[in-house]
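Working notes, beginning with the structure itself.
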Amino acid sequence: MNNLPLNEYVKTKRKALGLSREEFAQKAGVGLRFLRELEQGKETLKMDKVNQVLRLFGMQIGVVPMDRTNLIEP
């Protein structure tokens, strides 16, 4: 599960807890719209809010190696 994209990680963990988006957003202290955008993979989100959501799983945003298979070579 550690190699999932962020949006899929959050969605999978939320569903494993048996929580609706509304319930989870309330527990995380974020708006439903923010959680929806996060789970849909929106690329521009506030990192503090993402960490607020991840905190419920005992996680935080961190640096990870990139998938370099799709990089354009000079």
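The values are calculated or read from the model by the stated rules, or taken from the named source; none is laboratory data. Please read these numbers as outputs of a predicted model, since none were measured by experiment. Heads up, the Cβs are rebuilt from the backbone with ideal geometry, glycines too, and the neighbour counts pull from every protein chain shown. Only protein heavy atoms, including side chains, enter the accessible area calculation; ligands, DNA and RNA are left aside. Shrake-Rupley method; radii C 1.70, N 1.55, O 1.52, S 1.80 Å.
The one condition from (1) of a type in the set (A, V, I, L, M); (2) out of contact with any Asp or Glu (no Cβ under 7 Å at 6 or more places or on another chain); (3) in a loop (DSSP other than H, G, I, E, B); (4) open to solvent by less than 100 Å² (accessible area, probe 1.4 Å) that Leu45 does not meet is (2).
Each residue in the range 10-22 was checked for being among the aliphatic types (A, V, I, L, M) and open to solvent by 40 Å² or more (accessible area, probe 1.4 Å), and 2 of them qualify. For the range 2-22, a tally of residues being outside any loop (DSSP other than H, G, I, E, B) and more than 22 Å from Val64 (Cβ to Cβ) returns 3.
Determine, yes or no, whether Thr69 is open to solvent by 50 Å² or more (accessible area, probe 1.4 Å), β-branched (Val, Ile, Thr) and assigned to a helix (DSSP H, G or I). For Thr69, the condition - open to solvent by 50 Å² or more (accessible area, probe 1.4 Å), β-branched (Val, Ile, Thr) and assigned to a helix (DSSP H, G or I) - is met.
Among the residues of the range 48-58 satisfying the criterion of being out of contact with any helix residue (DSSP H, G or I) (no Cβ under 8 Å at 6 or more places or on another chain) and closer than 16 Å to Leu35 by Cα, which is surrounded by the fewest Cβ atoms within 10 Å (Cβ to Cβ)? Break it down into steps so the answer makes sense when it comes.
First, the residues of the range 48-58 that are out of contact with any helix residue (DSSP H, G or I) (no Cβ under 8 Å at 6 or more places or on another chain): 48, 51, 58.
From what's left, closer than 16 Å to Leu35 by Cα: 48, 51.
Working: Asp48: 8, Asn51: 12.
Checked the range 48-58; the qualifying residue surrounded by the fewest Cβ atoms within 10 Å (Cβ to Cβ) is Asp48.
For the range 23-40, the criterion of being assigned to a loop (DSSP other than H, G, I, E, B), loosely packed, with under 11 Cβ neighbours inside 10 Å and of a type in the set (Val, Ile, Thr) is met by no residue.
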